[in-house]
Amino acid sequence: MGIKVGIDLGTTFCAVAVLNEKTGQPVIIPNSQGERITPSVIQFTEDGEIIVGTEAKEAFEMGESGCTSAFKRNMGKEGDYCSFYGKSYTPVELSAILLRYLKEETEKTAKETIDEAVVTVPAYFYSKERSATMQAARMAGLNIRQIINEPTAAAMNYGVNHWRENAVIMVYDLGGGTFDVTLVQMKKGDQMVTLSTTGDHTLGGKDWDSRLCGILKQKIEEETGMSSAEYPEIDKVVMRSAENIKKQLTSRKEVGVTIPIPGYGRFTTSVTLEEFEESTKDLLEKTGSLCASVLSGMNMGWDDVTDVLLVGGSTRMKQVARYLKEKSGHTPLSQVHPDEAVALGAAIQVHQPLPEYTVVTVASKAEPAAEQKNSPLFNFRKRAQSPVQKSPERRYKVDGPVGKETSFDNALKMTHIDVVAHAMGVIAVNMEGTRYINKTIIPANQRIPVKCAEAFQYYTSARGENEVEIYVLQGEREPLDCQIVGKYVVSGIRHDRSKNPTLIRIQYSYDLNGVVHVQARQENDTRDLPIREEPVPADMSKYGRPVEQEEGELIAEPISAVMAVDVSGSMSGQPIKDALNAMCNFVDQFQNYEGDVKIGVIAVSDRSQIVQRLTGDLRRCKDSIRSIKSCMTGVCNAGDPFADVLSMLKNEDGKRVAIVLADGVWDHQAAAVRAAKECHREDISVVGIGFGSADKKFLKDISYGDMESMLVSQSELVHSFGKIAQEIGADKRKGKHGRGGADSDTMTWEAPDEQ
Ligand code: ADP
Ligand code: MG
């Protein structure tokens, strides 16, 4: 048996820790040089040697060639990060080299092999960056159990010795290249719960360094009269001093510096703490507004924060603690080691049991009928009370007074629940069919792992397509302002002509590493449909423009349709409900029909009554359908609707269709057939749909046109009406695919495989 470790894979420094089984406390495992942290710098030499850590960092600072650093900032991005001596390296490969080095060094020091590891990432990392990290760990030969968020790990490490029930801790993590702010709460039952998290992974210590460079360059220009243009190397030279000056300014008010300048000699100057703080004030305020936003997202204020925990090397800058004290009213906690806390927390996490998936439902908001080009959308059969689950703990509840501080005799007694920082959505088309939107599937700050299933109605088109394209997004803004996780193509969709539309269920999930997964299944099938990930097109700009009509698309002709529904006594109860539901579904199919569409509704039993004259207002039409009650025109079937059908459709242009739904045998069938024939003579198509004890021959006799009458079961009504809509041409719509449905069904799928 080897050891299980936690690894903080930082932009600038890394650390490795293990849980000491005797003391129940996590401890750092130093590298073979005895250093507790290892710089994330690699040097490639001309003869093929690889140097990692302090030696490489020193070489880098001396300006030697073959050195590379800060590649974590590019994790998840395509392409090479650097190239030396004819060989190029991706950020994943560089991270793998670094992790392999950490693995070997740790095994040397511990004199044991590493069995399992937890690696940390910024909470704000996207799915791609997380999978890239997993990939790097696997390439390094690590058996990776899980990826966890750095601030969470730091909070766990803090909690071991400073547990106060109900305390809400803001973890302020300012590293070399990233900033994360996270709220965690110490809950009853020794449970550390992450409430919410946000950040900016282009904001970090390096930005403070750049500002110092700016100060230095200005001084050089002012005092030597040389411009930057005359001295192109200036940035590099100045950058080398900047970090050093910054660090010295944490203990001094003024720092002197000498910079060699060709053609001038040695330039000496000094930088004061005041100058430095003044020139970086806006950076600090940027972190402050992210703190405010993580609080407001939870309906909380600074008052609700019990304490602020400082993590990350850049929190050593004096102004950070001062600024946070002003904001929170508390002196920030510095009981954790800013460089070590993350690895220590990860070493606790590696022993935690793996959590179960939570299931959420599609958060169907205002747009009831959006239609989507290239990706599935919504609004089919709305379930009455679909329990839309909001982000957990949206409203902060005070669980009680903050308890007295205690500590765990064994860190393993503490458990932990984490959340995902980004909402997951898909590119969709808005309700009006005019604009691309980001339709949220899983809201931000859901506990992970989490999954959500969405039903998607798919219409067989004349082109016989059997693929659906889905663009998955992370973030809550417009599609192009979001992170595009990937383009997923569901293939192998089988169509059953008798059952149109085809129903597909798509399950989106975040696994426990915060990595996105997409699965699809055909209705009533337990096998996954094949999904391939295709490269996201370089030009996605069309999703930022109004929805265009596809080239070569048919120009749709006007359609007028009348639905006549049998409302006799035998329809009472479920039959009428199902019928009305099917009719509403029919109306929905035309939501994005390219041409003019008008739909009317008739109720018929002992007499016929026009419930809705032809209207293009589909919403109103559905309201009218919903107002229909059984027996509203009598209990028996003495009447027929054909005179009303004729009067409604006679003078209409374009395609004219009547759909007549009957559930039994009508009293005067011969008269009804005669009246129907009047309609046929006017070239009005009629489709008779029967269910229950309906007379098949009668249905056939009243029908006319391209579509055949049908006798179906009650449960097939929705399908049948959908099929008719399809035949009439409802698919001549914006986009080639049908409309998906926000369906609150929870899926009984097993958890997706870990990446
Ligand atoms: P990461 O996790 O991104 O590797 P760290 O948490 O290790 O980052 O923090 C590295 C950053 O902390 C660097 O920008 C470094 O300059 C800064 N830093 C380290 N020590 C000090 C110090 N004494 N004063 C100011 N900044 C510091
Ligand atoms: Mg860090």
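The values are calculated or read from the model by the stated rules, or taken from the named source; none is laboratory data. Source: prediction; values computed, not measured. Every residue, glycine as well, gets a Cβ built from its backbone with ideal geometry; the counts of neighbours run over all protein chains shown. Areas reflect the complete protein model, heavy atoms only, side chains present, ligands, DNA and RNA absent. Shrake-Rupley method; radii C 1.70, N 1.55, O 1.52, S 1.80 Å.
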Subject >> Gain on full stretching of the segment that runs from R477 to R545 - 0.36 nm per residue minus C-alpha separation >> reply: 23.0 nm
**OP:** Compute the convex hull volume of the Cα atoms of the range 224-358, divide it by the residue count, and report the result per residue in Å³ as a whole number.
**Re:** 191
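Just need the relative contact order of the range 1-138 here, percent rounded to a whole number, with Cα pairs under 8 Å and 6+ apart.
Details: 237 pairs, mean separation 38.6, N = 138.
This gives 28 percent for the range 1-138.
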**OP:** Pull up the DSSP beta bridges for the chain and report the antiparallel fraction as a percent, rounded to 5.
**Re:** 65
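Using a 10 Å cut-off on Cβ atoms, rank the peptides 507-514, 212-219, 255-262 from the highest mean neighbour count down. Walk me through the numbers before you get to the answer.
Numbers: 507-514: 24.1, 212-219: 18.9, 255-262: 13.8.
The most tightly packed comes first, giving 507-514, 212-219, 255-262.
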**OP:** Could you pull out the pairs from K246/K327; K650/K697; K247/K404; K22/K103 whose alpha carbons sit more than 32 Å apart here?
**Re:** K247/K404
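What FRET efficiency would be calculated for the residue pair E78, A671, taking the C-beta separation as r and a Förster radius of 45 Å, to the nearest 0.05? Walk me through the numbers before you get to the answer.
Details: r = 72 Å, r/R0 = 1.59.
It comes out at approximately 0.05.
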Original post:
Under 5 Å between amide H atoms, partner at least 5 residues away or on a different chain: which partners does I148 have, H built in plane at 1.01 Å?
Top reply: V119, T120, V121
Original post:
Amide H neighbours of S196 under 5 Å, counting only residues 5+ apart in sequence or on other chains, H built in-plane at 1.01 Å?
Top reply: L183
Subject >> the range 559-727 pair-distance distribution - Cα-Cα, 5 Å bins, rounded % >> reply: 2, 10, 21, 25, 23, 15, 4, 1, 0
Subject >> Surface accessible to a 1.4 Å probe, per residue, for the residues of the chain, Å² >> reply: 41
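Sort K655, K318, K253 from largest to smallest accessible area, using a 1.4 Å probe on the heavy atoms of the protein chains.
Values: K655 55, K318 110, K253 160 Å².
Descending order: K253, K318, K655.
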Original post:
By how many nm would the segment from V489 to A643 lengthen if fully extended, with 0.36 nm per residue of separation less the alpha-carbon distance?
Top reply: 50.5 nm
Subject >> Cα-only radius of gyration and Dmax that characterise the chain, units Å >> reply: 33.0, 111
Original post:
Percent relative contact order of the chain, based on C-alpha pairs within less than 8 angstrom and at least six residues apart?
Top reply: 12
**OP:** Along Cα→Cβ, 7 Å out, is where each label goes; now give me the distance between the ones at K700 and Q352 in nm to one decimal.
**Re:** 6.8
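By how many nm would the segment from S334 to E112 lengthen if fully extended, with 0.36 nm per residue of separation less the alpha-carbon distance?
Full extension of this stretch gives 76.7 nm more.
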Original post:
Taking the Cα centre of the range 559-727 as origin and charging only Cβ (+1 Lys, Arg; -1 Asp, Glu), how large is the dipole, in debye to the nearest 20?
Top reply: 260
**OP:** Taking amide H positions as placed in the peptide plane 1.01 Å from N, state which residues far from L711 in sequence (5 or more) or on other chains have amide H under 5 Å from it.
**Re:** G690
Original post:
For a paramagnetic label modelled at 7 Å from the Cα of R252 toward its Cβ, which residues of the range 181-209 fall within the zone defined by backbone nitrogen distances under 20 Å?
Top reply: 208-209
**OP:** Along Cα→Cβ, 7 Å out, is where each label goes; now give me the distance between the ones at E55 and E221 in nm to one decimal.
**Re:** 4.1
Original post:
Leaving out ligands, DNA and RNA, what percent of the accessible area of the range 559-727 is carbon and sulfur, probe 1.4 Å?
Top reply: 45
Subject >> Order by protection proxy (mean Cβ within 10 Å, highest first), peptides 678-688, 662-672 >> reply: 678-688, 662-672
Subject >> Projected label distance in nm at D399 and K187, using a 7 Å step from Cα toward the beta-carbon >> reply: 0.6
Subject >> Computed [θ] at 222 nm, deg cm²/dmol, the chain (DSSP H ≥ 4; -39,500 (n - 2.57); rounded to nearest 500) >> reply: -8000 deg cm²/dmol
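I'd like the antiparallel share, as a percent to the nearest 5, of DSSP beta bridges with both residues in the range 559-727. Can you show the working numbers first?
On the way: 6 of 30 bridges.
Antiparallel bridges: around 20 percent, rounded to the nearest 5.
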Original post:
Taking a threshold of 24 Å on the Cα-Cα distance, which of the pairs K622/K723; K72/K281; K622/K677 fall above it?
Top reply: K72/K281; K622/K677
